[in-house]
Amino acid sequence: MKKFVSIAAAGALALGALSAVPAAADDHEVVFGFAASYSGWMQAYSGPSTNAALIAIDDWNAKGGLLGKQIRPVFADAKTERAEGAKAGISVINDGAIAMAVDCDYDFGAPAALQAQNAGLISIFLCAESVLAGIQGIGKYSFSSSILAAVQGATIAEWGYKVKGWRTAYILLDDILEYNKGICYGFDWMWREVLGGEVVGHDVYQNDDPSIQAQVDRIRALPEEPDIIENCSYIPGGASAIKQIRAAGINSPIGGGSSMTGVYWQDSVPGLSGHFVPEQASIYGDDPRPAVQEFLKKYEAKFGEKVNNQYAFPGYVVFEMWAKAVEKAGTFDSDAVVEVLESFREEPVLVGTRTFTNQLHHQNFAPYLIVETTNNQPAVVDSWTISEPVPMDVLFGKRYEYIAR
């Protein structure tokens with residue numbers, strides 16, 4: 001990621017000097033913008049995802065570009081700050097972008113996406129997994145390349161219930177982001193309403209809490225350890241919560257969302273075992289798809305480092321699905337491209353398929369790999385596709401309320 005971040009930062013500095021007059025691409029190229037965070041904690045997600053999108057751009061340019069034009073990327077750093085995100089969106093538009101990728105999270109990507117929406121341009125969240133990252137939160141020109149957080153929670157719930165035989169669950173929500181809430185909403189819906197499992201407790205914390213001792217004490221006070229603790233969070237707070245749970249002698253399996261993939265954080269929890277997450281593709285050398293293995297080689301060759309979390313993969317899909325829609329539409333016009341995107345039904349992409357409608361620019365049903373960590377070694381142990389799509393009211397959490405105790 002460091003190699004890319006330096007390029008992006010330099011691009012952002014150059015963009016800052018531009019006037020408010022849009023720069024036109026020449027007749028032989030088209031500009032695709034990246035208004036995302038290449039500094040601050042969000043770079044751990046948006047950085048690899050942007051890198052992957054650049055590989056997709058390389059792939060399309062190598063076969064002649066799009067509609068006879070080469071694709072030129074431009075960058076602006078959103079700096080993991082919402083106000084900077086809006087500036088970044090304006091900056092890439094000023095540099096001639098006709099579509100843009102925005103941050104890997106709804107809360108941070110929305111300001112840039114709204115700039116694209118106001119300009120009538122398509123924005124694609126690099127890997128955001130809240131239902132708001134699309135029509136509901138931005139508008140008709142906004143999409144996400146990834147899979148809804150609720151599907152992640154539902155996947156761990158159904159797989160654990162049917163394959164592992166888990167029957168009792170404790171839900172632990174880091175309620176600082178919409179993404180985290182989505183994981184818990186999906187888990188809760190699948191666990192209780194579809195499967196009939198028992199939730200023996202739920203609790204709330206925030207990512208920057210220095211301690212969750214009170215929450216851990218409530219888990220320890222249960223008559224029996226739950227069969228699964230669903231920890232709906234992200235790094236670093238999610239890792240801190242896991243460390244405190246294990247330090248307290250609680251050995252229950254711990255589930256989570258795709259935000260808890262990768263090995264880069266696991267040194268903080270030595271000997272971690274019994275941790276389960278859904279991943280769109282594996283970075284651990286055991287993904288069964290040749291195209292994924294080829295992508296991983298390209299990534300390491302281009303950036304001098306290996307992919308360290310699964311959020312690189314949706315980044316490739318950002319450009320892949322937009323490019324496919326442009327080719328089918330035969331034009332770069334945003335309205336025409338949106339119409340084609342909304343016609344996609346299980347359209348093959350690097351990692352699975354994508355389906356969009358005029359009601360949902362996201363995925364509420366998709367296949368996942370199940371990755372288990374044992375002694376700090378993650379590995380694919382299964383694959384799973386939930387038995388039914390997550391309903392819209394569940395995506396918005398209308399059935400659930402989690403209150404800090």
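Annotations for the structure displayed:
- Residue check, Val269 of a type outside the set (Phe, Trp, Tyr), touching a helix residue (DSSP H, G or I) at 6+ places or on another chain (Cβ under 7 Å) and at pLDDT 95 or above: no
- Meets criteria (more than 13 Å from Asp174 (Cα to Cα), among the β-branched types (Val, Ile, Thr) and outside any strand (DSSP E or B)) for Val199: no
- Meets criteria (touching a residue at least 40 places away in the same chain (Cβ under 8 Å) and in contact with a Cys (Cβ under 8 Å, 6 or more places away or on another chain)) for Pro278: no
- Per the conditions (1) free of Cβ contacts under 8 Å to residues at least 24 places away in the same chain; (2) over 23 Å from His28 (Cα atoms), the sole criterion not satisfied by Gly64 is (2).
- From the list Phe303, Phe276, Phe319, Phe295, the one residue that fits, being at pLDDT 95 or above, touching a Pro at 6+ places or on another chain (Cβ under 7 Å) and not polar (S, T, N, Q), is Phe276.
- Whether a residue is aromatic (Phe, Trp, Tyr), surrounded by fewer than 21 Cβ atoms within 10 Å (Cβ to Cβ), over 23 Å from Ile386 (Cβ atoms) and not assigned by TED's automatic domain parsing to the domain that holds Met190 was assessed, and Phe332 passes this test.
- Among the residues making up segment 30-50, those that are surrounded by 24 or more Cβ atoms within 10 Å (Cβ to Cβ) and part of a helix (DSSP H, G or I) are Gln43, Tyr45, Ser46, Gly47, Pro48, Ser49, Thr50.
- Looking across Ala301, Ala336, Ala325, one residue alone is without any contact (Cβ under 8 Å) to a residue 40 or more places away in the chain, touching a Leu at 6+ places or on another chain (Cβ under 6 Å) and not in a strand (DSSP E or B). It is Ala325.
- Going through (1) buried (at least 24 other Cβ atoms within 10 Å of the Cβ); (2) assigned by TED's automatic domain parsing to the domain that holds Phe319 one by one, Lys140 falls short only on (1).
- Applying the set (1) out of contact with any helix residue (DSSP H, G or I) (no Cβ under 7 Å at 6 or more places or on another chain); (2) under 24 Å from Asp267 (Cβ atoms) to Glu224 leaves exactly one unmet item: (2).
- Scanning segment 372-396 for residues that are surrounded by 14 or more Cβ atoms within 10 Å (Cβ to Cβ), touching a Ser or Thr at 6+ places or on another chain (Cβ under 7 Å) and of a type outside the set (A, V, I, L, M) gives Thr373, Trp384.
The values are calculated or read from the model by the stated rules, or taken from the named source; none is laboratory data. Note that the coordinates shown come from a computational prediction; the quantities given were computed from them, not determined experimentally. FYI the Cβ positions are ideal-geometry reconstructions off the backbone, even for glycines, and counts take in every protein chain you see.
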